[in-house]
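Scroll down for the structure; my scribbles are underneath it.
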Amino acid sequence: MDRAKISVAGGTLHAVAAGPEGAPGVVLMGSLASDTTSWVPQIEALAAAGFRAISFDFRGHGASSTAPPPFTLELFMEDLRAVCRHFGVTRPHLVGLSLGGMIAMHAAVHAGADYASIVVASAKAHMPEAAASAWAARATEVRRDGVGIVVAGSIERWFTEPFHQTRPDAVQAAREMIMRTDAAAYADCIDIVRNVDLLCHLPTIRLPALYVVGEHDLAATPAEMRDMAERTPGARLEIIPAAAHMPAIEQPAAFNACLLGFFGK
């Protein structure tokens, strides 16, 4: 797997890539408090299928440096463009989970000609007022007490109870991944999450689109994502059994099958 440090305005991004250079690109973007390690099964499967699979850590996540606020979808779009330029990839497929899915939808709405398709997993396109207020309160807590304050709640939402029981190693790896996240960056990313407002723009998307959700996801529910798919012209919805908010980790084989089927492999 190739690794890179990519200079962007205000810092550097850590990125990884695998698969043949010059092959069709797939860029994978994760959730708040995740990093490239969450995508290893997908990177390996996509590379084996002949794609150039790429992922990068958001600012203040994983091995990327942080930067002063404000964090916006457009700033993260610029980071995405910088990563694509570095690896020489044009018109990649975008795969985004949670926060990464918001970025993928924003890209499809505002720069659709630059991308081949989008896969949106476990993401909201609009944040209800009560949920936005809860996110704002969480940002305040993290700024005051650090990311440790959100680990238990995040892990509970991310995975089903059977996964907690059968894969304690993966659950512990997820805890450690969250703890690698810079507290200020976590709180600043919440501004993106709580202010997301893309639902009314989904009918304007003209890219092939796939929505993926775990059947037990309480953060971005199957009903919400079905509505998003129905609003997006020609989009499909896949519901992954026995998974909650992080189906790419909890059910990697099923998630990979969704990706490869959508990409025609």
> Just how large is the dipole of the chain about the Cα centre, in debye to the nearest 20, putting +1 at every Lys and Arg Cβ and -1 at every Asp and Glu Cβ?
Replying inline: 460
> Modelled label-to-label distance, Glu78 and Val40, 7 Å Cα→beta-carbon offset: nm?
Replying inline: 3.3
>> Using the crude model of +1 on Lys and Arg Cβ and -1 on Asp and Glu Cβ, and no other charge, please compute the dipole size for region 22-128 relative to its Cα centre, in debye to 20.
In response: 140
>> So, for region 1-138, what is the accessible surface per residue at a probe of 1.4 Å, expressed in square angstrom?
In response: 34
>> I'd like the distance between the alpha-carbon centres of region 115-146 and region 26-66, rounded to an integer number of Å.
In response: 19
> Counting DSSP beta bridges in the chain, what percent are antiparallel, to the nearest 5?
Replying inline: 35
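Return the percentage of antiparallel bridges among DSSP beta bridges fully within region 1-157, rounded to the nearest 5 %. Don't skip to the end; give the middle numbers.
Numbers: 11 of 24 bridges.
Close to 45 percent.
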> About its Cα centre, how strong a charge dipole does region 97-237 have in debye, to the nearest 20, once Lys and Arg get +1 and Asp and Glu get -1 at the Cβ?
Replying inline: 160
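For region 152-264, what does the accessible surface come to per residue with a 1.4 Å probe? Please give it in Å².
Heavy-atom accessible area per residue stands at 44 Å².
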>> Once neighbouring chains are kept in place and the probe is 1.4 Å, which whole percent of the accessible area of region 1-126 is contributed by carbon and sulfur?
In response: 56
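The values are calculated or read from the model by the stated rules, or taken from the named source; none is laboratory data. This one's a predicted model, so the numbers in the text were calculated from it and none came from an experiment. All Cβ positions, even for glycine, are placed from backbone atoms using ideal geometry, and neighbour counts span all protein chains on display. Each accessible area value is taken on the protein alone, full model and side chains, heavy atoms only, with ligands, DNA and RNA left out. Shrake-Rupley method; radii C 1.70, N 1.55, O 1.52, S 1.80 Å.
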